1. Of the listed pairs Lys4/Lys346; Lys191/Lys222; Lys28/Lys222; Lys168/Lys268; Lys4/Lys222, which have alpha-carbon separations greater than 30 Å here?
2. Within region 131-222, which trypsin sites (Lys or Arg not before Pro) sit in a loop by DSSP and count at most 16 neighbouring Cβ atoms inside 10 Å?
3. Which ³J(HN,Hα) values, rounded to whole Hz and listed in residue order, are derived for region 83-94 from phi using the Karplus coefficients 6.51, -1.76 and 1.60 in 6.51 cos²θ - 1.76 cosθ + 1.60 with θ = phi - 60°, glycine and proline given as x?
4. Output ³J(HN,Hα) for region 294-304: one whole-Hz value per residue in order, computed from phi by the Karplus curve 6.51 cos²θ - 1.76 cosθ + 1.60 with θ = phi - 60°, and x for Gly and Pro.
5. Using the Karplus equation 6.51 cos²θ - 1.76 cosθ + 1.60 (θ = phi - 60°), what ³J(HN,Hα) coupling, rounded to whole Hz, does each residue of region 347-353 give in order, writing x for Gly and Pro?
6. Between region 1-59 and region 152-169, what is the C-alpha centre distance in whole Å?
7. How big is Rg to Rh over region 105-185, alpha-carbon atoms, Rh as the Kirkwood inverse-mean-distance radius?
8. Report the residues of region 149-186 in range of a label on Glu3: point 7 Å along Cα→C-beta, backbone N strictly under 14 Å from it.
Amino acid sequence: MMEKAADVVIVGGGVIGVSIAYHLAMKKAGRVVLLEKGQVGEGSTSRCAGGIRTQFSTEINLLFSLESLKTFEQFENEFGVDPEFRRIGYLFLATSSKDMQIFNKNVILQRQYDIPVELLNGNEIERRWPYLRTDDIVGGTFCPWDGVAGPSEVLTGFTAGARRAGVKIHEGVEVVGIQAKGRKVESVITKEGEISTGVVVNAAGPHAAQIGAMAGVDVPVKPLRRQIFITAPFRITDQGIPLTIDFHRGWYFRQEVDGYLLSGPLDKEPSFNLHVDYDAMAEAVDHAIYRVPTLQNARIARGWAGLYEISPDHHAILGRVPEVEGFILANGFSGHGFQHSPAVGKVIAELIVDGKATTIDISPLSIERFSRGELMEEPMTAFRE
Ligand SMILES: Cc1cc2nc3c(=O)[nH]c(=O)nc-3n(C[C@H](O)[C@H](O)[C@H](O)COP(=O)(O)OP(=O)(O)OC[C@H]3O[C@@H](n4cnc5c(N)ncnc54)[C@H](O)[C@@H]3O)c2cc1C
């Protein structure tokens, strides 16, 4: 039976929704209900590559990474689930001095936060990662703090923690409307009935704009398909391999069990298309063989497609909206939502319960930045990774 009333209703059961649910419960936010139209995690979260990094270009993204790292480090203690967090490092490769300038600037900022990022020249990269083609490499950066974790393990930890703390999670319940009285949220309408509430959180991932429209709010988030391919068991080398990004191509690869995960292209046109296509596989393989020639002996075993939730400046859109009181956004992560989910849950719970996010000042991520023309730049974006 679905509740008739709640203090907070969260729309969307991806890693963002369940993290917010967990953190709200920890802060004793009252009756918290999460509604998921399918199964928890079935959206972008289950299609995510699990990458976690501190190598961003803006202070706000760095703050979300550093705060989230604290949770990934002690996840098992807090949630009783091993998140499979492995600090394999991220290696960014530059093939032009223009890209190297971006890296140099990033490193200055990252070191201000004591992030142990290394600035490397082409010779050093060739020496340390000899399986890489390096004749076109100008330089790069490597950070040993970065790594990967398991999206389904992290999702399970948050979900089980939220349930244990009393959050009601309903799967198979689609939100079809949001009622407001005057300029204040009053209820959420689903196919299973209506829940009266004063607070609704939009955690619908690539569907954020649709939920925004239900409340009369224009949430500028577009779904862009990204494809991923996995090789059959194959060994490039016995040494550990970092998540390696060919920055100018926006191509990356990392180890995945006994084989490798290769990124495919990111669509340019928004859609909810989740098909995997041959051309995308061919492009991923071309990029792979170019950078790691020995991969020409590997075979692609499978692939999948998922949706990035892209905002106009590739930064999240977090917090209240001017149009409707009680409508809260946790959207637009632009391909970084998994790694920032712990901090997002924390700050949104603070905003709802305490009236203000204190762990990180989220005002730069307000939706009002778009109408004010205060867009941010993040060159280390999903388009590159
Ligand atoms: C191929 C790929 C690789 C990625 N790699 C990385 C990575 O390495 N690192 C990283 O940090 N991030 C990565 N991401 C991004 C990351 O997956 C997302 O940022 C993150 O999962 C977003 O979580 P979410 O909870 O906002 O969205 P989702 O997981 O999509 O959850 C939203 C949920 O809302 C539900 N929903 C929608 N509409 C309704 C409705 N009307 N009623 C009820 N429920 C509704 C959906 O069913 C869905 O389950 C990747 C994404 C893709 C596609």
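1. Lys28/Lys222; Lys168/Lys268; Lys4/Lys222
2. Qualifying residues, ordered by number: Arg133, Arg183, Lys191.
3. My calculation for region 83-94 gives x, 6, 6, 10, 7, 7, x, 10, 10, 9, 10, 10 Hz in order.
4. In residue order, the calculated couplings are 5, 5, 5, 8, 8, 10, 7, 9, 6, x, 8 Hz.
5. For region 347-353, the Karplus-derived couplings read 6, 5, 5, 4, 4, 6, 7 Hz, x marking Gly and Pro.
6. The distance from the Cα centre of region 1-59 to that of region 152-169 comes to 9 Å.
7. Ratio of gyration radius to Kirkwood radius: 1.28.
8. It comes to 162-171, nothing else.
The numbers here are math on the coordinates, done by the rules we state, and not lab data. Because the structure is predicted, anything quoted here is derived from the model rather than measured. Don't worry about glycine lacking a Cβ; one is built from the backbone with ideal geometry, like all the others, and counts go over all protein chains shown.
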